[in-house]
Amino acid sequence: ITKPFQEEEVLARIKSQLTIQKQKRLLEKERQLLKIEQDNLKEEIRQRQEAEAILYQSRAIISSILNSSVDGIAAMAALRDKRRGNILDFSCLVVNPIIARAFNQEPQDLIGKIVVKKFLDRINYDLFPNFVKVVETGKSLEQDIYYNDQKEGKWYHFIAVKLGDGFAITVRDITERKNLELTLEETNKELEAFSYSVAHDLRNPLGNIESLIDFLQEEYKNHDHPTQNSQETFDVIYESTAKMQQIIKDLLLLSKVKKSPITLELMDLSNIVEDILIKLQRKEPQRKVELVIQPNIIAKADQNLFIIALENLISNAWKYSSKKDVTYIEFGVLSAEQQNLDPIINQCPLYYKDKNLCKQKLDRIYFIKDNGAGFNMETAQELFTPFKRFHSDNEFPGIGIGLSIVKRIINRHQGLIWCDSQVGEGTTFYFTLNNFVA
Ligand SMILES: Nc1ncnc2c1ncn2[C@@H]1O[C@H](COP(=O)(O)OP(=O)(O)OP(=O)(O)O)[C@@H](O)[C@H]1O
Ligand SMILES: [Mg+2]
């Protein structure tokens with residue numbers, strides 16, 4: 001006998017079946033979500049491991065660079081006054097063994113320590129404010145310093161660049177190079193003193209020779225009949241002694257130019273150039289000349305020295321263009337405000353050595369141009385070396401000191417000088433006066 005059909009029981013069964021199915025579906029969904037989360041977690045772990053490996057690798061690279069570098073390397077963080085915000089000191093973020101050795105410590109003992117100001121003040125009181133300036137202005141700093149750590153004196157060259165709220169620094173021991181430079185400077189000074197005293201001491205005997213030749217010539221005229229030959233011999237002796245006098249005068253001037261103090265004053269270069277050319281023209285009135293002088297070129301320079309420089313440059317232009325039918329000489333100034341100076345600056349050999357230094361300074365370039373004999377630029381590297389000449393004495397007489405004097409004068413005004421020349425076409429000398437431009 002079957003049990004009678006109970007409606008409630010059936011409904012309850014269906015309901016529980018439905019609930020079970022619903023829960024199953026929910027469970028399945030949760031399982032799927034869990035799986036996605038698991039996968040995401042796995043991916044995250046993989047990415048982290050990868051990043052850690054990269055980080056580990058770069059740390060290893062950095063630490064091997066720091067440990068093996070022959071230069072000192074460090075990174076410093078600024079320590080600021082909490083209220084005022086000014087930098088009180090720096091603490092070491094990173095230091096390599098070379099720098100740590102300067103503190104007589106191991107790198108790990110220095111990291112995080114604040115010892116910088118005290119240490120820097122021991123070397124030079126300007127260093128700390130200079131590093132503060134690097135951080136505050138963002139401008140890098142390059143300097144040579146001398147440090148005597150009681151054992152021995154050493155020279156260091158360092159470059160400091162802003163890094164976050166601090167700076168990174170590389171320091172190189174340049175003691176050997178600096179000592180060589182100082183020895184060279186000393187030797188140059190000795191050589192200079194030697195050539196000065198030789199030139200100075202030669203003046204008197206040469207003066208004596210000149211008066212004795214005068215005396216001999218007079219004697220010769222009184223006692224005998226002078227011949228054509230003997231007169232020519234006397235002329236050659238006179239010419240040679242005059243040239244020796246000139247060489248001695250120029251050598252003494254070359255020494256003087258290096259030593260004499262500089263007094264800067266405003267000068268009208270256009271007027272000076274004009275005066276020099278008028279005097280030259282008076283000596284050779286037969287020459288046909290075309291002169292172009294840009295008026296009112298004013299510059300700040302040492303009057304005595306600068307006139308000598310301009311005289312040499314102008315007399316070269318005058319001398320080396322003497323064989324042209326019409327001599328052309330031009331004096332002027334090119335300014336960065338009026339035209340792009342880069343193509344001209346690129347001709348300056350020094351420009352390549354210190355690009356930034358020259359670029360900021362070369363905003364005005366003075367020039368003296370001629371249409372003379374010119375010279376081969378490739379063989380003229382020693383243009384400013386004393387006694388170097390690129391024309392023979394028969395072609396154009398000269399001693400070969402003029403341009404060395406000019407270069408020293410320009411350099412004493414912290415300027416640069418260079419030239420552009422073409423054989424048979426002419427020469428242009430360019431120079432700058434840098435900071436002293438009016
Ligand atoms: N404007 C120029 N045109 C052609 N060559 C020049 C010019 N200026 C200089 N030179 C060359 O450079 C050389 C060196 O010039 P520098 O003025 O030093 O000596 P110099 O003119 O020969 O003699 P001095 O010592 O009497 O001036 C010259 O011998 C000449 O060959
Ligand atoms: Mg000359």
What are the ³J(HN,Hα) couplings of region 204-211, residue after residue, when phi is run through the Karplus curve with 6.51, -1.76, 1.60 and θ = phi - 60°? Round to Hz, x for glycine and proline.
5, x, 5, x, 4, 4, 4, 5
So the label point goes 7 Å from the Cα of K258 along Cα→C-beta, right? Which residues of region 384-403 then have their backbone N under 16 Å from it?
384-388, 401-403
Please tell me the relative contact order of the chain in percent, rounded to the nearest whole number, where contacts are Cα pairs under 8 Å and at least six residues apart.
9
Given pairs K117/K178; K256/K388; K279/K324 and cut-off 22 Å on Cα-Cα distance, the over-length ones are K117/K178
Quick one: what are the phi-derived ³J(HN,Hα) couplings along region 30-36, Karplus 6.51/-1.76/1.60 with θ = phi - 60°, whole Hz, x for glycine and proline?
4, 4, 5, 4, 4, 5, 4
Rounding to the nearest 10 and keeping the result within 0 to 90°, find how far the Cα-based axis of helix 228-259 lies from the longest principal axis of the chain.
30
Gain in length, D275 to K82, computed as 0.36 nm per residue apart minus the alpha-carbon separation, to one decimal in nm?
62.9 nm
Could you work out the pair-distance distribution P(r) of region 249-325 from its alpha-carbon pairs, with 10 angstrom bin width and percents rounded to whole numbers?
16, 43, 31, 10, 0
So how do I314, I307 rank on accessible area, 1.4 Å probe, biggest first, that is with the largest at the start?
I307, I314
Roll a 1.4 angstrom probe over the protein heavy atoms and tell me the percent of accessible area of the chain that is carbon or sulfur.
54
Would you mind telling me which residue in K259, K407, K151 has the biggest mean-square fluctuation in a Gaussian network model of the chain, where springs connect alpha carbons within a distance under 10 angstrom?
K151
How far is the Cα center of region 157-172 from the Cα center of region 124-150, in Å?
9
For E395 and I36 in the same chain, what is the full-extension length gain: residue separation times 0.36 nm, less their Cα-Cα distance, in nm?
119.8 nm
Using amide H atoms built in the peptide plane, which far-off residues or other-chain residues are under 5 Å from D89 H to H?
L79
Once you put a point 7 Å from the Cα of E337 and another 7 Å from the Cα of A60, both along the Cβ direction, what distance in nm separates them?
6.1
If one computes the Cα centroid of region 376-438 and of region 244-297, what distance in Å separates the two points?
14
Region 6-79 - accessible surface per residue (Å², probe 1.4 Å)
90
Once you charge only the Cβ atoms, +1 for Lys and Arg and -1 for Asp and Glu, what is the size of the charge dipole of the chain about its Cα centre, to the nearest 20 debye?
2640
Would you work out which of L93, Q38, Y56 lies farthest towards the positive end of the dipole of region 35-94? Charges go on Cβ: Lys and Arg +1, Asp and Glu -1.
L93
Dipole magnitude of region 172-249 about its Cα centre (Cβ charges: Lys, Arg +1; Asp, Glu -1), debye to nearest 20:
280
Taking Rh as the Kirkwood radius computed over C-alpha pairs, what is the Stokes-Einstein D of the chain at 37 °C in a medium of viscosity 0.692 mPa s, expressed in µm² per second?
110
Report the calculated FRET efficiency for E239 and A380 (r = Cβ-Cβ distance, R0 = 25 Å), to the nearest 0.05.
0.35
Gaussian network model of the chain, Cα within-10 Å springs - most flexible of T137, T427, T327:
T137
Nearest-10 value in Å² for the accessible area of R172, using the 1.4 Å probe
120
For the pair Q231/L182, report the inter-label distance in nm, with labels modelled 7 Å from Cα in the Cβ direction.
6.4
To the nearest 20 Debye, how big is the dipole of region 1-129 about its Cα centre, given +1 on the beta carbon of each Lys and Arg and -1 on that of each Asp and Glu?
400
With a Förster radius of 25 Å, plug the Cβ-Cβ distance of N411 and D126 into 1/(1 + (r/R0)^6) and report the FRET value to the nearest 0.05.
0.45
Which residue fluctuates most in the GNM of the chain (Cα springs below 10 Å): L264, L403, L305?
L264
Per DSSP, the loop-located chymotrypsin sites (Phe, Trp or Tyr not before Pro) within region 96-183 having at most 10 other beta carbons within 10 Å are Y125
What distance in nm lies between label points placed 7 Å from Cα along the C-beta direction at K15 and N204?
13.9
Could you run the Karplus curve 6.51 cos²θ - 1.76 cosθ + 1.60 with θ = phi - 60° over region 69-82 and give me ³J(HN,Hα) per residue in whole Hz, x for Gly and Pro?
5, 7, 8, x, 10, 8, 10, 10, 10, 6, 10, 9, 5, 5
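The values are calculated or read from the model by the stated rules, or taken from the named source; none is laboratory data. Note that the structure is predicted; figures quoted are calculated from it, not measured. Glycine gets a Cβ as well: all are built from the backbone with ideal geometry, and neighbour counts include every protein chain shown. Surface areas here come from the heavy atoms of the whole protein model, side chains and all, with no ligands, DNA or RNA. Shrake-Rupley method; radii C 1.70, N 1.55, O 1.52, S 1.80 Å.
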